[in-house]
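First comes the structure, then the notes that go with it.
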Amino acid sequence: MNIVDYIDKPFEILSDLLNHGSDIIKVTFCMLLAYPLSLVLKKIKDPKKRLWYSLILGVVFLVFVHRGQTIWVFAPCVILYYVLKWKPLNPHYFFVGAIFYLLFFHVHDLVTSYLQYCLKIRTTVMIQVVLYTSFVYNYYDGKTKKKSELTESQQRLVITEMPPLLDFLAYFLQFNTILIGPTYEYVHFENYMYNRSIEQAKKEFKKKHSNIKIGKDNSTSTGLKTLGISTAFCAMYLFFGMKFPNSLLFDEAQKKKNFLYRVLLTHIVTIKTRFKYYHALLLAEGSCQMSGSTFNGIDEKTGAFKWNLVENMKPFTIETAPSIYIASGVWNKRISIWLRLYIYNRIIKTKEIEIENKKGEKQKRVIREREGLATLLTFVVSAVWHGVYPGYYFTFILWFVVTLAGRSLRRNIRPFFVTDDGKAIQPFKKIYDVAGHIFTPLLIDNIGLPLIVFTFSKSIKVFQFGNFWVLWTTIPVIVITKIPICVKLLKKMRNNWVKLFTKANKKND
């Protein structure tokens with residue numbers, strides 16, 4: 001046995017005991033080790049030492065988990081640096097190239113480890129593609145566009161000069177994000193490494209709120225709290241994973257149970273899978289909080305520090321969301337922001353027009369062009385980024401359908417419960433909200449089922465388990481609200497309904 005075998009042996013033993021791949025055990029070990037290492041990083045004040053510390057540990061983590069495959073991450077970083085030093089790349093072409101580079105790893109893993117849940121170099125490349133594309137877009141904006149041509153968010157993230165090689169590599173290979181994320185924008189990373197974030201925020205806060213006391217740096221306790229929540233989700237995943245395995249969705253005896261039982265069983269099976277992702281993403285986020293790199297300003301009312309710069313998800317909000325729109329906004333937030341900033345917002349076109357309201361007053365309204373195309377391409381890229389199993393595409397097509405149905409409901413049905421000036425029509429608005437809180441988690445369950453089973457045939461079987469109820473509840477909503485006669489009828493009914501509500505309120509007054 002050589003030294004590598006001795007190092008790997010404990011992780012192989014743990015792998016057998018926990019029935020999980022040794023690569024997953026190694027990544028978890030590195031993520032836990034990142035907590036005390038992040039405390040050390042926070043104590044280092046010299047920027048150059050900080051950069052070297054973060055970079056060296058990142059490379060060590062990579063080599064420890066992925067061995068020789070590390071070259072597939074390190075080499076592209078070096079090549080990209082010198083290409084950008086020579087000339088800014090067209091970000092649209094680069095984006096396509098980066099996605100094809102990632103596809104190579106997706107296909108490789110599909111062939112070599114079919115239907116196996118593992119954390120190979122592909123997972124790190126997924127994170128790197130997010131960082132590559134965001135950096136190239138922001139650098140291109142800084143080098144080729146005027147400030148007036150950029151949106152407000154683009155101005156905040158713009159990169160006007162290429163950083164030194166050390167800074168560049170440390171950004172892509174920092175130890176507490178290299179394996180499974182989360183992702184930073186380069187300007188946020190640079191502000192942290194050069195000790196600008198907190199000091200600048202303090203000065204600005206004192207100018208605006210001289211009477212409010214600024215809180216203390218509580219990043220350590222915040223990180224430990226996140227670690228505690230992550231551990232709780234891990235425990236729940238292990239417990240429910242033993243009691244409710246995915247195989248129950250294919251069990252003939254379970255298929256014979258009544259519809260409501262099957263819906264509830266599907267919910268338990270899928271929610272325990274979400275616990276696994278909550279655990280992993282919160283575990284990674286907590287170490288970043290511990291380092292202080294997630295500082296996101298000072299609370300205007302209390303003076304407390306905010307540590308949610310790279311917040312990835314809000315589990316409680318997801319499980320109790322009243323709509324798919326709200327749930328999707330707090331699930332894997334960093335990737336959602338990346339998709340919005342560098343795909344959706346770059347495709348969609350907005351323009352302002354003036355319209356007259358019922359009182360004859362002129363109002364400005366923002367019209368969005370190519371919204372459907374932007375939404376579709378965003379979902380396609382998201383699916384490709386996640387992988388090449390048919391289940392991923394099944395999920396994102398279904399998510400697209402459910403999103404369209406949700407938009408149709410908001411535009412055509414919600415006005416039955418809320419007036420134009422925002423007043424709730426009670427008690428019906430409460431019923432509408434309760435229905436949203438009940439059905440949204442159930443919709444999320446069914447949308448995520450193909451992600452669990454991977455293949456097309458198994459996806460069909462798990463949908464059969466629930467009698468395809470998601471499709472026959474969402475597709476009719478989309479179809480009906482696209483038929484002009486139905487839209488006119490709904491509008492007429494809505495106007496009459498609101499008039500009745502207004503008259504009833506006047507009588508009560």
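The values are calculated or read from the model by the stated rules, or taken from the named source; none is laboratory data. These numbers were taken from a predicted model, which means no experiment stands behind them. When we count neighbours, we look across all protein chains shown, and the Cβ atoms used for this are built from the backbone with ideal geometry, even at glycine. These accessible areas exclude ligands, DNA and RNA; they are computed on the full protein's heavy atoms, side chains included. Shrake-Rupley method; radii C 1.70, N 1.55, O 1.52, S 1.80 Å.
Some notes on this structure:
- As a summary of the residue check, residue 242 satisfies the conditions (1) crowded, with 16+ Cβ neighbours inside 10 Å; (2) hydrophobic (A, V, I, L, M, F, W, C); (3) at pLDDT below 90 except for the one numbered (1).
- Filtered residue count, segment 412-432, keeping only those that are at pLDDT below 75 and open to solvent by less than 50 Å² (accessible area, probe 1.4 Å): 3
- Every residue from segment 70-91 that is open to solvent by 100 Å² or more (accessible area, probe 1.4 Å) and in contact (Cβ under 8 Å) with a residue 24 or more places away in the chain: 72, 85
- Just one of the listed residues (343, 337, 355) is touching a Leu at 6+ places or on another chain (Cβ under 8 Å) and either over 25 Å from residue 184 (Cβ atoms) or at pLDDT 75 or above (or both), and it is 343.
- Some residue of segment 296-319 being closer than 30 Å to residue 211 by Cα, charged (D, E, K, R) and more than 24 Å from the chain's Cα centre (by Cα): yes
- First in segment 206-219 and farther than 7 Å from residue 303 by Cα, second anywhere and modelled with pLDDT of 85 or more and open to solvent by less than 40 Å² (accessible area, probe 1.4 Å), Cβ under 6 Å, 6 or more apart: 219/289; 219/292; 219/307
- Helices (runs of 4 or more DSSP H) fully within segment 96-201 that include at least 1 residues being aromatic (Phe, Trp, Tyr), at pLDDT 95 or above and open to solvent by less than 10 Å² (accessible area, probe 1.4 Å): 121-144, 165-173, 186-193.
- Every residue from segment 282-295 that is within 12 Å of residue 41 (Cα to Cα), under 19 Å from the mean Cα position of the chain (by Cα) and among the polar types (S, T, N, Q): 287, 289, 293
- Extreme residue, most open to solvent (accessible area, probe 1.4 Å), among residues of segment 371-387 that are among the small types (Gly, Ala, Ser) and over 16 Å from residue 95 (Cβ atoms): 372
- Spans of helices (runs of 4 or more DSSP H) in segment 435-509 with at least 3 residues among the hydrophobic types (A, V, I, L, M, F, W, C), under 26 Å from the mean Cα position of the chain (by Cα) and at pLDDT below 85: none
- Residue in segment 209-218 that is outside any loop (DSSP other than H, G, I, E, B) and of a type in the set (Asp, Glu) present: no
- For segment 278-322, residues that are under 30 Å from residue 410 (Cα atoms) and open to solvent by less than 30 Å² (accessible area, probe 1.4 Å) total 8.
- Qualifying residue in segment 83-91 (condition: in contact with a helix residue (DSSP H, G or I) (Cβ under 8 Å, 6 or more places away or on another chain) and under 30 Å from residue 453 (Cβ atoms)): no
- A Cβ distance below 7 Å, combined with a sequence gap of six or more or placement on separate chains, defines the contacts here; from segment 453-475, residues that are open to solvent by 70 Å² or more (accessible area, probe 1.4 Å) reach residues that are among the aliphatic types (A, V, I, L, M) and part of a helix (DSSP H, G or I) in the pairs 475/401.
- You will find that of 272, 255, the residue that is basic (Lys, Arg) and either farther than 28 Å from residue 447 by Cβ or open to solvent by 30 Å² or more (accessible area, probe 1.4 Å) (or both) is 255 and no other.
- Within segment 278-310, the residues that satisfy the criterion of being farther than 18 Å from residue 171 by Cα and of a type in the set (D, E, K, R) are 299, 300, 301, 306.
- So residue 394, is it part of a helix (DSSP H, G or I), within 20 Å of residue 458 (Cβ to Cβ) and open to solvent by 20 Å² or more (accessible area, probe 1.4 Å): yes
- Restricting the first member to segment 380-401 and to residues that are free of Cβ contacts under 8 Å to residues at least 12 places away in the same chain, and the second to residues that are hydrophobic (A, V, I, L, M, F, W, C) and not in a helix (DSSP H, G or I), no beta-carbon pair is closer than 6 Å while six or more apart or on different chains.
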